[in-house]
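Notes for the one structure printed next.
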Amino acid sequence: MTEKYVYNFNEGKKEMKDLLGGKGANLAEMTKILLPVPPGFTLTTESCNRFFSEDQTIWAGLDKEIKDHLKDLEQMTEKKFSDLKNPLLLSVRSGAAQSMPGMMDTILNLGLNDRSVIGLANTTSNERFAYDSYRRFIQMFSDVVLEIPKVQFESILEKAKKEKGVKLDKELDGDDLKKIVKKYKEVYLQETGEDFPQEPMVQLILAIKAVFASWDNPRAVFYRDMHAISKLNGTAVNVQSMVFGNKGESSGTGVAFTRNPGNGDKKLFGEFLLNAQGEDVVAGVRTPNEIAELKTLMPEVYQQLETAAENLENHYKDMQDIEFTIENDELFLLQTRNGKRTAHAAIAIAVDLHQEGKITKEEAIVRIKPQQFEQLLHPNFDAKAIDKAKALAKGLAASPGAASGRICFTAEAVEAAFEKGIKTILVRQETSPEDISGMVKSEGILTARGGMTSHAAVVARGMGKCCVAGCSEVRINEDEKTVQYKGGVLNEGAIISLDGTTGIVYLGDIEKTNPTLGGKFTELMDWIDEIKTMSVRANADTPEDAKQALEFSAEGIGLIRTEHMFFKENRISSVRRMILAGTIEERAKALNELLPMQKNDFYQIYHVMGGLPVTIRLLDPPLHEFMPVKEEEIRHLAETMSLSQEELNGRIDELHEVNPMLGHRGVRLGITYPEISRMQVRAIMEAALEYQTDKKIEIQPEIMIPLISDVKELVYIKAEIEDEIKKIFTEKGQTLKYHIGTMIEVPRAALTADKIAEEADFFSFGTNDLTQMGFGFSRDDSGRFISEYMDKNILEKGPFDTIDQEGIGQLVKIAIEKGRQTKPNLKIGICGEHGGDPASIEFFQRLGLNYVSCSPFRVPIARLAAAQAAIKYR
Ligand code: PEP
Ligand code: MG
């Protein structure tokens, strides 16, 4: 069987994305369901792959397939490709299996030349249209195929408009455009040393090659890197017969979303331009009209568009992003895809689609990307602060959120500032794919031109980055690096704030607040909680953290790092004296000072959690971390301890360790200083007894021992703790249930978990340390080389972000199996950073963990990820 590399639109379907690319598969699907799609064909992603293995050439077989399909297209359209009177003109567009907005390139009006442009002008009786099409073609072809900078052409166009005293392209007539075409061709000749290619077939092959080659351009590579897209074949190429939106005022082009991509409202949303072509709307050169205006201007076309939108949405069962062209009052669809949307809209749409009976609850949950939650949890401006802030200008509210930073005019400037930890706002006339790295690293984006579907708006929404676009009230001069507004001028480095929800730009930095969530979010979260099987707890060290965690519906606290309570200003001195004490009595004195403080902390946290499980870990870090560093602090501490500075320095030196992460920390501290563990346990238990008496709510504290590597450590420390608890119960004449468990964070503990489980009421994986010790990568130092490991494909993902399933994950698996051999119902959770990472959560679901615990802000993401994992592994 001969290999097939080209498919007619009527041969494909939406499921063929991998082969035909997203655009090609959807064009085929729309053709199949009889929507008005101009005919065409698609060169497969496999052909792109082969193109690269053939040294970037079009091999004979592909050449023949292209020509055969072109013949069919000529028959379907009843036009001839090289015809001088009524030529078949083509668009050539890229489209990979996953959408990559703005990354790849498009050429329109291909097939025009010096002679057929005259024919086109005559047959359409529209000279302006013919030459407008030709000048666009020359510009796009030059840009995509030969990388001649667009600005060379744009300046000619701008100059022509200026000389004529007009503002808009469409105010130029046929004669003007004829002159422009002549000048464009001169640029081409100057830049390439050759005349603009006149033979349509040559144009087509060059264009196809260029689109294929653009798969490997640095922008596309950067985009794929950023989105971790690695397993794609290449881009498909769609060759489609042209329809024209630039034939006059009864023609136009636009983009429509079937629902509002900003807030999810069920109403057609989008923009269009009359007498314009393809890229004009997204390029943001002219500010487009809102789609509602089309209803007044062309009611019938609007009606058709609304019906097509509804059909598409019913067919795809998701919000669609549609590109359309109107040619002499006739509607054509050029593209559909699942529309990008803000997190807010994604939730509203998923909830509505379920309520409209179009998708199940499970489908609604699976639709939401965990990363989108990040966007929802972004801060907003503080209401009072915003009232006082000085507004500079208003643009389009392109992507929600609040951002403040220093003005930078280039992606490079943003990147340089980022390296220094300086927050920036990327300010551009309009953005293009070259700006992506700057967009990623800035706090927010401001553009002067372009609408809601401009590059800046679409890309920022996808990234969840705050963006104000099309802010024509400011004048941005990228050369002089100034932003002119009504009240003055700002230079590079000045601080501004953007409100992506209102489109307002402010002077200076503005205080931000955390968002509150409700409505459809709550509804979705209720479904999530119905479906997920793992609990989601939070790592919280203070009552404030605990409150935040509860707001996000955490089901308990999985880790209190008690040492964080030691760092408070009024405590650190007692902590230092406790550590540096020369005698047991001195230490006891310092511990007695700390006891009421710790006890109060625990009481407050129990109070916030109202009976939900709370896991408290005993002191973990190496003691030297608490030591003073500044001369003045050392002097002060020496005074309070009645020691000479020398003596104190001597004791501090004794605490020095070459390898503190593997040193005197975790349970090892409890073994050397059991009185510290005893004080902490006393605080935990006395607070629980008091709370229980006060509030009549049962508390079962979970006391967690860190860094166990051998069961005998646990036996030792448990005996100490239980002895102290017994004393407390006798003193108070009261008892309560409690649990003593352990972290599994040393590889040896994982491998001997069956023995450890004999002594432990629960396990909690400390995957931060387990990764550190399993890999032998220092948690504190490995950042420097891990990025290099990823660049060189030695590691696919950072092992401290996403659990390494193959190695560290196996330690987790072994520990679970062994632990449950001993105690089949052993409660097991995880409280390392991986507890908030969706990919890791999926893995933990498979292993049968009871809960994950993560920082409060990640709780909603973890709940969603847990529900998605439960659906996947039902
Ligand atoms: C861990 O090691 O994963 C953990 C939760 O403890 P810490 O990060 O405090 O060492
Ligand atoms: Mg740890």
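The values are calculated or read from the model by the stated rules, or taken from the named source; none is laboratory data. From a predicted model like this one, the values you see are computed outputs, not experimental measurements. Glycine gets a Cβ as well: all are built from the backbone with ideal geometry, and neighbour counts include every protein chain shown.
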What number goes with the only condition from (1) assigned to a helix (DSSP H, G or I); (2) free of Cβ contacts under 8 Å to residues at least 12 places away in the same chain that G421 does not pass? (1)
Would you confirm, using the coordinates I've provided, whether K295 is basic (K, R) and outside any loop (DSSP other than H, G, I, E, B)? yes
Filtered residues of the range 773-791 (kept if closer than 26 Å to D225 by Cα and within 12 Å of ligand 1 (Cβ to nearest atom)): R779, D780
I need a count of the residues in the range 594-643 that are away from ligand 1 (no atom under 16 Å from the Cβ), assigned to a loop (DSSP other than H, G, I, E, B) and either crowded, with 20+ Cβ neighbours inside 10 Å or modelled with pLDDT under 90 (or both). 8
Based on this model, can you work out whether F844 counts as within 14 Å of ligand 1 (Cβ to nearest atom) and either in contact with a strand residue (DSSP E or B) (Cβ under 8 Å, 6 or more places away or on another chain) or farther than 18 Å from T742 by Cα (or both)? yes
Answer with yes or no whether R219 is basic (K, R), in contact with an Asp or Glu (Cβ under 7 Å, 6 or more places away or on another chain) and in contact (Cβ under 8 Å) with a residue 40 or more places away in the chain. yes
The one condition T258 fails out of (1) modelled with pLDDT under 95; (2) hydroxyl-bearing (S, T, Y); (3) more than 29 Å from I66 (Cα to Cα) is (1)
Within the range 847-873, tally of residues that are surrounded by fewer than 24 Cβ atoms within 10 Å (Cβ to Cβ), part of a helix (DSSP H, G or I), at pLDDT below 95 and out of contact with any strand residue (DSSP E or B) (no Cβ under 6 Å at 6 or more places or on another chain): 1
Looking at (1) more than 25 Å from F212 (Cβ to Cβ); (2) among the hydrophobic types (A, V, I, L, M, F, W, C); (3) in contact (Cβ under 8 Å) with a residue 24 or more places away in the chain, which is the only condition V145 fails? (1)
Which condition from (1) of a type outside the set (D, E); (2) over 30 Å from A403 (Cα atoms); (3) at pLDDT below 95 is the one that I386 breaks? (2)
Output the residues belonging to the range 648-677 that are closer than 17 Å to V746 by Cβ and either in a helix (DSSP H, G or I) or among the aromatic types (F, W, Y) (or both). P660, M661, L662, V667, R668, L669, G670, I671
Could you please give the count of residues in the range 506-538 that are part of a strand (DSSP E or B) and more than 26 Å from F381 (Cα to Cα)? 3
For the range 393-436 the number of residues that are among the hydroxyl-bearing types (S, T, Y) and buried (at least 20 other Cβ atoms within 10 Å of the Cβ) is 4
Failed item in (1) among the small types (G, A, S); (2) within 40 Å of the chain's Cα centre (by Cα); (3) exposed (fewer than 15 other Cβ atoms within 10 Å of the Cβ), with S133 passing the rest: (3)
Surrounded by 17 or more Cβ atoms within 10 Å (Cβ to Cβ) and within 20 Å of V746 (Cβ to Cβ), is that true of P799? yes
Residue selected from the range 555-592 under the condition surrounded by 17 or more Cβ atoms within 10 Å (Cβ to Cβ) and without any contact (Cβ under 8 Å) to a residue 24 or more places away in the chain, by the criterion farthest from Y691 (Cα to Cα): A581
Helices (runs of 4 or more DSSP H) fully within the range 733-838 counting 3 or more residues that are in contact (Cβ under 8 Å) with a residue 40 or more places away in the chain and away from ligand 2 (no atom under 16 Å from the Cβ): 753-759, 808-822
Condition check: surrounded by 17 or more Cβ atoms within 10 Å (Cβ to Cβ), aliphatic (A, V, I, L, M) and in contact (Cβ under 8 Å) with a residue 60 or more places away in the chain. Does L157 satisfy that? no
Residue check, T735 among the polar types (S, T, N, Q), touching a Phe, Trp or Tyr at 6+ places or on another chain (Cβ under 7 Å) and within 16 Å of ligand 1 (Cβ to nearest atom): no
Could you say which residue among L707, L662 is surrounded by fewer than 17 Cβ atoms within 10 Å (Cβ to Cβ) and within 16 Å of ligand 1 (Cβ to nearest atom)? L662
